[in-house]
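Q: Provided herewith is a single structure, encoded as structure tokens, for subsequent inquiry.
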Amino acid sequence: MGDKESGRAARERKARPYLRQPEKTIEVTPKSVSGLLDAMSQTGFQGKRLGEAARIWSEMVQQKGLTIFMGYAGSMSTTGQWKIVRWLIENRYIDVLVSTGANVSEDIFEAMGHTYYQGTWMANDEALLEAKIDRFYDVYADEYDYRELESLIKEFAATLDPGRPYSTREFLNRFGEFQWKKGIKSITATAWKHGVPIYSPGLIDSGYGVALSLLKREGKLIRLDQTQDMEELGQVAERTKRTGVVYIGGGVPKDTIQLATIIKSLAEGGEDETPHDYAIQITTDSPQWGGLSGCTLEEAISWGKIAADSKRSVVYCDATLALPLIAHAMLETAKGRKDPPDLSWVFKNG
């Protein structure tokens, strides 16, 4: 009997470190969005990770001396998400935005007064082509309205000086001002108003590329200097005390932000890494394919991009599900940003 009890006690000692935090079953009761996500964070699987991500982002905005980068990948602005990003900028829940060209052009489409329409992914695409309807999975847009967006970009670009290059940050900042004065309250316009720099390492892979190409055919070449983008991003990371990251999707925006920490560490001597202290990602990509979009935040630790002791969570989920829930939870819990970093020095570069 004694040996049996001794064996049980030994097993319990071994098990104790693993059984410290009980899971809590969700009760169906009236809850706020933040209350629901908090309850989910105490369960398992992706519900837990979603709740953790909401809590980490809310904690980030309360930290002093923290610069929050956001990577905004894919074509999210066509799916009703762009005003969430605009709200994040207005409240300085993000300080630097790194985006695909699509996400900071397709929002302008609606901001100009055009409309996206609900459709179906089972559409007859030949019929859509004949009707001049563009399809984004199950969202439709009128091609002729889309051409008006490209014309607006071209109209703005024609005002620039072809005798000098522009970083994408300066290009988008100037374009934001151009839109704001026309009453177009897009992501880029709101960023200009609130002093939030936007970088787009793949800017021409979008309507911007179409507009700039057409302008070049008319004899006016506008050049983009993406080395300046990386230099500025490195300086932002270098000048700040601490950094946090939010990745909506992955792709080029994610790696661009990750590389900012590498530039910072190399500029400071190449020995001491300066990784991000907070990191969350919402992605549908998987790590086993080896791509950057799906690679884990733990993998980034080996590069010195994410701190080993960082607060982090990857949510394997469609961002159109996760981002609205997290934003509304933050509306309830974050209560505004008290001391966002002053990045006005960035805009002195042009």
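The values are calculated or read from the model by the stated rules, or taken from the named source; none is laboratory data. Keep in mind that this is a model prediction, so the values were computed, not measured. We place every Cβ from the backbone using ideal geometry, glycine too, and count neighbours over all the protein chains shown.
Q: Which members of region 317-343 meet the condition of being modelled with pLDDT of 95 or more and among the small types (Gly, Ala, Ser)?
A: Passing the criteria: 319, 322, 327, 329.
Q: Of 132, 83, 154, 64, which residue is out of contact with any helix residue (DSSP H, G or I) (no Cβ under 9 Å at 6 or more places or on another chain) and not hydrophobic (A, V, I, L, M, F, W, C)? Break it down into steps so the answer makes sense when it comes.
A: Numbers: 132 fails: out of contact with any helix residue (DSSP H, G or I) (no Cβ under 9 Å at 6 or more places or on another chain); 83 fails: out of contact with any helix residue (DSSP H, G or I) (no Cβ under 9 Å at 6 or more places or on another chain); 154 fails: out of contact with any helix residue (DSSP H, G or I) (no Cβ under 9 Å at 6 or more places or on another chain).
Going through 132, 83, 154, 64 in turn, just one is out of contact with any helix residue (DSSP H, G or I) (no Cβ under 9 Å at 6 or more places or on another chain) and not hydrophobic (A, V, I, L, M, F, W, C): 64.
Q: A follow-up question, please. Pairs only if they're at least six apart or on different chains, beta carbon under 7 angstrom, first in region 17-46 and closer than 24 Å to residue 330 by Cβ and at pLDDT 95 or above, second surrounded by 10 or more Cβ atoms within 10 Å (Cβ to Cβ) and of a type in the set (Phe, Trp, Tyr); list them, first residue then second.
A: 46/316
Q: Condition first: among the polar types (S, T, N, Q) and within 16 Å of residue 103 (Cα to Cα). Now tell me which residues in region 134-172 satisfy that.
A: 168 - this is the single residue of region 134-172 that is among the polar types (S, T, N, Q) and within 16 Å of residue 103 (Cα to Cα).
Q: Looking at region 165-186 only, could you name the residues that are touching a residue at least 24 places away in the same chain (Cβ under 8 Å) and farther than 16 Å from residue 112 by Cβ?
A: 165, 166, 167, 168, 169, 170, 171, 172, 173
Q: Take the residues of region 168-198 that are within 19 Å of the chain's Cα centre (by Cα) and of a type in the set (Gly, Ala, Ser): which is farthest from residue 225 (Cα to Cα)?
A: Filtering region 168-198 for residues that are within 19 Å of the chain's Cα centre (by Cα) and of a type in the set (Gly, Ala, Ser), the one farthest from residue 225 (Cα to Cα) comes out as 186.
Q: Hey, any hits in region 257-271 for a residue that's under 17 Å from the mean Cα position of the chain (by Cα), touching a residue at least 60 places away in the same chain (Cβ under 8 Å) and under 22 Å from residue 169 (Cβ atoms)?
A: Yes; the residues of region 257-271 include at least one that is under 17 Å from the mean Cα position of the chain (by Cα), touching a residue at least 60 places away in the same chain (Cβ under 8 Å) and under 22 Å from residue 169 (Cβ atoms).
Q: Can you tell me which of 260, 189 is touching a helix residue (DSSP H, G or I) at 6+ places or on another chain (Cβ under 6 Å), part of a helix (DSSP H, G or I), modelled with pLDDT of 90 or more and crowded, with 18+ Cβ neighbours inside 10 Å?
A: Exactly one residue qualifies, and that residue is 189.
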